[in-house]
Amino acid sequence: MNRRGLVAFIVFAGISLAPIGAHVVADEQPLAGYSAESSRAERQWEDKFRAIPEPDKIRGYMERLAARPHHVGSPYDKDNAEWLLARFKEFGLDAHIESFDVLMPTPKERAVELVDGGPKFVAKLQEPVVKEDPTSGQTSEQLPTYNSYSIDGDVTAPLVYVNFGVPDDYEKLERMGVSVKGAIVIARYYGSWRGIKPKVAAEHGAIGCLIFSDPHEDGYTQGDVYPAGPYRPRDGVQRGSVADMPLYAGDPLTPGVGATKDAKRLDLKDAQTITKIPVLPISYGDAEPLLASLKGPIAPLAWRGGLGIGYHIGPGPGKVHLKVKSNWDLKPVYDVIAKIPGSVYPDEWVIRGNHHDGWVNGAEDPLSGQSAMLEEARAMGELLKQGWKPKRTLIYCAWDGEEEGLLGSTEWVETHAGELDKHAVIYINSDGNGRGYFGLGGSHTLEKFINDVARDVQDPETKLSAWKREQLRAIEEAPGDKKQEVRQRADMHAGALGSGSDFTPFLQHLGVASLNIGFGGEDGGGIYHSIYDDFYWYTHFSDTTFVYGRALSQAGGTAMMRMADADLLPFDFGDFAETMQTYVKELKDLSKKMQDDIREQNREIDEGVFTATADPKKTYVPPKKQEIPPYQNFAPLENAADAVSRAAAEYRKALEHANANGGTSLASSSLADVNRLLIESERKFITQEGLPNRKWYRHQLYAPGFYTGYAAKTMPYIRESIEQKEWKQADEGVVVVAHCLQDEAALISDAAAKLNAAH
Ligand SMILES: [Zn+2]
């Protein structure tokens, strides 16, 4: 599901910095969590490891895995799982396939047409074969263009253009006097995760939803289109799930439990994550005549896309007929799970994952990441043969069914929740991979750790470290007054994780500290979830020599080894405490801004500002006056964040003490107690009650936004309550989150005391 950012350009001319190279042992700092001696040994193993992955091998894996369409339920999906299993075994890992039975709708009937007034038009709903592209013609095996978990429906109604179809857009529509009640909406992709669009449309009374790729975000406005360039062609369609994943991830019929053979399943009609109205995705080729048929108000400037038409809002005057009917079968998913047992702490698991299923041939998403992870596993196998013995257990997971809703990972996590709660140290995810910058997101207790890993991986094109290259990009992109902070901060900020890939069940359901890593940003992409995301496209327009694939193998493997072999787990609370302070400040600012905005708007309504600027020829609905939000008490949260800051300082001091004299005390076996606390540190943010109205999401720091989907909401209980003007609920959230932070502070203090006692 991996969503790449828009292309960023940075000119590297004139920058000359020492490349990373062999380690200078004499003046080197030991790795965090290692004594000087164990650090030297670890560095030697890591250097050996990073020399093993080969770009041509990664290319070979991708070519084989992308040779045919491999979505859930297809013959080649199973074939790929078995092939991956054989590779893991061949590399010397202890591997097996674990299977689940999940709801996987596939379309039987699809129609979009313009009827009743205006020129007749029937949408193609089909991506044409491209003659240069050898797998684009595998039509009999390709899934049709559709949005999985759209409810069945057959509706005819006037069309309304709703921009991205997010809540703000509906507020604007209301002011324009346009209602979508009883209408079919047409929304463009981007601006939110796609599943948000039909959800919000249905909340506003729409009876159908079309989602199209506008060339402004995804097509010729970006650059040359496929096959001349990498961008989305006229008839290219983005498939994708529209399940209400911010409610719960995984199989819609088995929320909270593994979808094993004999699992208790909901009736289809009771599955909460299936859309309330029918949805289909369309190309800009199919969208253009529909949009061109609209009359009514002209769309606001920011709503107009890249098509050569005037963008009107509607409704109508013509009507659109939309029909979707699916087979609602259970299909098997095949997770491939491979282990390397730990030699000292076999019950502490360091877990790595990337999905293997695709919407069609899925070369970029997910095989670019999957192939790199497989090569990482091969390199681990080579190290084992050379005598390396990881202290902790490593687990490699090739997930199935990610695209429909993180099915393979979620069902596995739910099935093994008890064991994972006890044993999982961290989870490291990747998904698609490409040329460019190293992206690092995840738990802030791991921010320092992943920064250190990125310093030891070389960027293939600039020969700088992956860390340095990403830092230069961050400096370039920072606003003027923030550049100095980016330059001077020891670590780059890790982005908080929302959703959109397989880390979600680990982090947000179980509280396993997680990372999401990958390279990208320099390769234009317009083939996302289409039949053109294949080996031909990838080898012409993305990481064509697979050197970024190798860099991902190196980054993922370095992180796995370093976490697996550490004497003291390299969790850190300094960056974490700083980030918590930032979140608290953001929430206070948000609360104040809500008050100020509503106060100002009420004043403008009283003054008649809205009637004066309205166009007399149009129906215009001024906003209604709203109640001023009450002042909120953030003191419990501020006190808790301060407690975390103090505890983090204690831990840092204990660590410095432990590191003195070559860190010999780090070799002490009494660190087991400290490590246990460190593993539990992320679990402290899990509450049994979960978030308001979505109890599957139990992490009190990170969640996908209920109305954004991909983008994270941090301290979501409080933040979303404020945004949704649920003031009482926001107050409750302050108490809940403050309690978690106080628990965390106590745990960190305890860890500091135990660390002091260990030497
Ligand atoms: Zn993906």
Stokes-Einstein D (µm²/s) once Rh is taken as the Kirkwood radius of segment 103-328 over alpha-carbon pairs, at 25 °C in 0.890 mPa s:
135
Three principal axis extents, largest first, for the C-alpha atoms of the chain, in Å?
82, 62, 62
Between the DSSP loop rule and a limit of at most 12 other Cβ atoms within 10 Å, which trypsin sites (Lys or Arg not before Pro) in segment 62-144 are left?
Lys120, Lys131
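Under a Cβ-Cβ cut-off of 14 Å, what is the net charge of the residues other than Gln742 that fall near it, where Lys and Arg count +1 and Asp and Glu count -1?
For residues surrounding Gln742, the net value is -3.
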Between Glu607 and Asp329, what is the label-to-label distance in nm when each label sits 7 Å out along the Cα-to-Cβ direction?
6.4
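Would you mind counting up the charge near Ile207? Only other residues with Cβ under 10 Å from its Cβ, with Lys and Arg at +1 and Asp and Glu at -1. Intermediate results must be reported in sequence, preceding the final value.
Working: positive: Lys181, Lys276; negative: none.
Summing Lys and Arg as +1 and Asp and Glu as -1 gives +2.
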Under a point spin-label approximation (7 Å from Cα along Cα-to-Cβ), what is the Lys463-Arg646 distance to one decimal in nm?
5.2
Cα extents of segment 360-479 per principal axis, largest first, Å, are 45, 40, 32
Kirkwood calc, segment 495-654, C-alpha pairs only, radius in angstrom 21.9
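Grab the other residues whose beta carbon is less than 10 angstrom from that of Leu671, score K and R as +1, D and E as -1, and report the net.
Numbers: positive: Arg676, Lys754; negative: Asp567, Asp673.
Computed value for this residue: 0.
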Charge dipole (debye, nearest 20) of the chain; +1 at Cβ of Lys and Arg, -1 at Cβ of Asp and Glu
940
Contour minus Cα-Cα distance for Lys108 and Asp596 (0.36 nm per residue):
170.5 nm
So between Val344 and Lys264, what do we pick up on full extension, going 0.36 nm a residue minus the alpha carbon distance?
24.9 nm
Hey, what number do you get for the chain at 222 nm if only DSSP H runs of n ≥ 4 count, each worth -39500 (n - 2.57), divided across all residues, to the nearest 500?
-11500 deg cm²/dmol
DSSP bridge pairs, the chain: antiparallel proportion in percent, nearest 5:
60
Unit charges at the beta carbon, dipole of segment 93-183: most positive-side option, Thr145, Ile97, Pro119
Pro119
Cα-only Rg/Rh for segment 369-410 with Kirkwood Rh rounds to 1.11
Given R₀ = 25 Å, what would the calculated FRET efficiency be for Lys172 paired with Asp589, taking r from the Cβ atoms and rounding to 0.05?
0.55
Whole number please: convex hull volume per residue, Cα atoms of segment 141-225, in Å³.
122
Taking a straight Cα-to-Cα line shorter than 19 Å from Lys124, and setting aside same-chain lysines fewer than 8 residues away, one finds Lys108, Lys319, Lys323, Lys325
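Only bridges whose two residues both fall in segment 103-328 count here: according to DSSP, what percent of them are antiparallel, nearest 5? Numbers along the way, then the final one.
Values: 19 of 34 bridges.
The answer is about 55 percent antiparallel.
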Could you work out the equivalent-ellipsoid semi-axes for segment 575-757, taking the square root of 5 times each eigenvalue of the Cα gyration tensor, largest first, in whole Å?
46, 16, 13
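Every number in this text was worked out from the coordinates using simple rules, so none of it is lab data. Note that the coordinates shown come from a computational prediction; the quantities given were computed from them, not determined experimentally. Here Cβ is always computed from backbone atoms with ideal geometry, including for glycine, and neighbour counts include all displayed protein chains.
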